[in-house]
Structure formats: C-alpha cells, structure tokens
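The values are calculated or read from the model by the stated rules, or taken from the named source; none is laboratory data. Computed from a prediction, not measured in an experiment: that's the story for all the values here. Quick reminder, even Gly has a Cβ in these numbers, built from the backbone with ideal geometry, and neighbours come from all protein chains shown. Heads up: the accessible areas ignore ligands, DNA and RNA and are worked out on the full protein's heavy atoms, side chains in. Shrake-Rupley method; radii C 1.70, N 1.55, O 1.52, S 1.80 Å.
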Amino acid sequence: MAEVKVKVQPPDADPVEIENRIIELCHQFPHGITDQVIQNEMPHIEAQQRAVAINRLLSMGQLDLLRSNTGLLYRIKESQNAGKMKGSDNQEKLVYQIIEDAGNKGIWSRDIRYKSNLPLTEINKILKNLESKKLIKAVKSVAASKKVYMLYNLQPDRSVTGGAWYSDQDFESEFVEVLNQQCFKFLQTKAETARESKQNPMIQRNSSFASSHEVWKYICELGISKVELSMEDIETILNTLIYDGKVEMTIIAAKEGTVGSVDGHMKLYRAVNPIIPPTGLVRAPCGLCPVFDDCHEGGEISPSNCIYMTEWLEF
C-alpha cells in the first residue's frame, strides 16, 4: 500500500473553505444546523474562526438565523435555491426538485423516471443539461456500482462513497487494519502510563480512558491517512476494537461545547485485557467489519469474495 499522508486543517485555515463547508452542511440539512453540528463536522476549526465565517455568511445574506427549542439555527436562504432554476422549463424544474429531495444520498435515473413519469430519453437530456450548468453531479455509488445524481454543491453521504474506507470504489482493508492497530496502541500506551503512576486503582482506571477526540488527534498527527478523517470514522474503528474485546467504552456527562461531546455526553475508551479468549463464533469477521452494511451478494463487497471470511472458515 502506498504511503499516505493525513490532511490536517491548519489553525489559520482558509476562511473561504470554512464558509463553503458551512454552506455544504446547510444544503445537507435544509431545516437548519446548530453550532454543535458545525463543530462536530469541523473539530479542527477554532470557535473564533467558525464565528467569523458564520457572521460573514449572515452579513452577505447567504444564511438565515433562526431560533428553535434547541437554540440558534443557521439555514440557507431559500432565494438562493429559487434563482438557480431561472429560465428552466417545468420538466427541468421537476427533475431538479426530485434530485434536491434526494439529498446527499442521491437518486438513480431509474427512480427519477418513476417519480417524474418522463421518458428516459428526456430525462437523460435534462440530466446532461443540469450537469453542464453545474447544478447537479453524478457520483458512482460503492453499494451498487451505479451512478446517483445529487445537487452539485453537496458532499456525498458515506453510504454512497464508502467514506474514508474506500479509494476509487476499492475497499482499503490494509488502511483499516493499520488504523485499528494504531488506535489500540494509543489506548494501550495510555493504560500503561496510568499503571506506572502508582496511584490508587480508581485513579489509575480513570486515567486510562481517552476520548474519541484524543484518539482522532493522535491519528491525525501520525500522518497515516491520505483523506481527512472525522471523529465518526475513528469511533467506527474503536467500535471494531470493542467487538474484538480489546477496548471498552463508557459514556459520561460533559458541558455543552466541550470538544468531543455530543448532546452533553462524551464517549471514553480504554484498552482492556480479555479475561478469556473469545469463542470461534465471536471471531467471525462480520462482527467487527466497518463496512458490514455495504456487504451483500453481487456487490463490490460480498461474503463470497471476502478473504477474511475464507480465512475464518479455514481456521
């Protein structure tokens, strides 16, 4: 596997990139986003940088500021969406609306045909026209090896691209294994440091825990990824370690706005030594596979071509 490097956002991130990412999030969540959503999606961006970007977008009239039961919401202005289809006929507007409703998961041309009742030749013509105007884009889905259509400025959902675990529609099994090992190594080191402190057992135990944000920061600093990993990606890897009996997780209350917290809660992880070896069934690769949901017969990933399943059956 080729050497890869992590894409870590520097402290003085480009303000335009931050603004563009916030606009993308608003398109993904048309009902509005909170500051917590922005923080979770861009944990490497300082609060002051986020505030500057949001204030600029508000002052330029690109965002609306709303108040809800959960606090302040930022939402894309409807006038922006309405102006995009100026001069289009009703059929083109219908297809655009269907694609917009599909969000960042996209929609197949077959489903567009079913919802619009338009001939396939007409749909293909409209799709090409919308693509040429950069209003929509076609994205190849890893789940079915077919193209789906979505709005041009949307970031495809993980179910479409496969997230960080795919490169050009190929599952990066070696990359996942490297991340698995490095996350466990970090937690092991933290546990060993806690034991060497010679403090009472309860303090040692509490000191051995690490948040998913700490693990994420460690992985980013290692520079072993060619893509930008999110805390959700790291939590997926940590979950595989939990299923393997190497790590345990606990959830604690945390102050609103604490780095790594979601809805006032924070996940903490620590390395553990299994009391007894796991049974053969527990060792089945399906239980700790990060792309379990994408595995099906006839797909890019399936039980029939899974080398890990073959190795397990031979064992």
Anything in region 123-163 that is crowded, with 18+ Cβ neighbours inside 10 Å and farther than 27 Å from L229 by Cα? List them, or say none.
I123, I126, L127, L130, L135
Under 9 Å between Cβ atoms, at least 6 apart or on separate chains: pull out the pairs that start in region 99-125 with a residue that is within 20 Å of D89 (Cα to Cα) and among the polar types (S, T, N, Q) and end on any residue that is open to solvent by less than 30 Å² (accessible area, probe 1.4 Å) and outside any helix (DSSP H, G or I).
S109/V148; S109/Y149
What are the residue pairs meeting all of these: first residue in region 37-48, first residue surrounded by fewer than 18 Cβ atoms within 10 Å (Cβ to Cβ), second residue part of a loop (DSSP other than H, G, I, E, B), Cβ atoms under 6 Å, and 6 or more apart or on different chains?
H44/Q9
Region 293-315: number of residues that are surrounded by 12 or more Cβ atoms within 10 Å (Cβ to Cβ) and at pLDDT below 75
1
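Counting only residues that are assigned to a helix (DSSP H, G or I), hydrophobic (A, V, I, L, M, F, W, C) and surrounded by fewer than 19 Cβ atoms within 10 Å (Cβ to Cβ), how many does region 103-122 have? Can you show your working first?
Within region 103-122, the first condition is being assigned to a helix (DSSP H, G or I), and the residues that meet it are 103-105, 109-116, 120-122.
After this cut, where a residue has to be hydrophobic (A, V, I, L, M, F, W, C) as well, the list is 112, 120.
Remaining after also requiring surrounded by fewer than 19 Cβ atoms within 10 Å (Cβ to Cβ): 120.
The qualifying residues number 1.
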Within region 4-60, restricting to residues that are at pLDDT 80 or above and among the small types (G, A, S), the one that is nearest to E100 (Cα to Cα) is G32
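Out of the residues in region 196-216 that are of a type in the set (S, T, N, Q) and closer than 13 Å to M231 by Cα, state the one that is nearest to the chain's Cα centre (by Cα).
Within region 196-216, the first condition is being of a type in the set (S, T, N, Q), and the residues that meet it are 197, 199-200, 204, 206-208, 211-212.
Then drop every residue that is not closer than 13 Å to M231 by Cα, which leaves 211-212.
On the way: S211: 18, S212: 14 Å.
If we take residues in region 196-216 being of a type in the set (S, T, N, Q) and closer than 13 Å to M231 by Cα, then S212 is nearest to the chain's Cα centre (by Cα).
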Just checking, how many residues over region 271-292 are in a loop (DSSP other than H, G, I, E, B) and at pLDDT 70 or above?
6
Any hit, region 195-204, residues being surrounded by 13 or more Cβ atoms within 10 Å (Cβ to Cβ) and touching a residue at least 40 places away in the same chain (Cβ under 8 Å):
no
Region 15-49, subset among the hydrophobic types (A, V, I, L, M, F, W, C) and over 20 Å from L66 (Cα atoms), residue nearest to the chain's Cα centre (by Cα)
M42
S225 fails exactly one of the following numbered conditions: (1) touching a helix residue (DSSP H, G or I) at 6+ places or on another chain (Cβ under 6 Å); (2) open to solvent by less than 70 Å² (accessible area, probe 1.4 Å); (3) not in a helix (DSSP H, G or I). What is the number of that condition?
(1)
Between residues in region 293-309 that are over 15 Å from G162 (Cβ atoms) and residues that are assigned to a loop (DSSP other than H, G, I, E, B) and open to solvent by less than 80 Å² (accessible area, probe 1.4 Å), which pairs lie under 7 Å by C-beta distance while being six or more apart or on different chains?
P303/C295
Looking for whichever is of a type in the set (V, I, T) and not in a strand (DSSP E or B) here; the options are I219, I251. Which one fits?
I219
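Among E214, E256, which is the only one that is closer than 25 Å to Q39 by Cβ, touching a Phe, Trp or Tyr at 6+ places or on another chain (Cβ under 9 Å) and open to solvent by 40 Å² or more (accessible area, probe 1.4 Å)?
Numbers: E256 fails: touching a Phe, Trp or Tyr at 6+ places or on another chain (Cβ under 9 Å).
Being closer than 25 Å to Q39 by Cβ, touching a Phe, Trp or Tyr at 6+ places or on another chain (Cβ under 9 Å) and open to solvent by 40 Å² or more (accessible area, probe 1.4 Å) holds for just one of E214, E256, which is E214.
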The one condition Q169 fails out of (1) modelled with pLDDT under 85; (2) open to solvent by less than 40 Å² (accessible area, probe 1.4 Å); (3) within 30 Å of C306 (Cα to Cα) is (2)
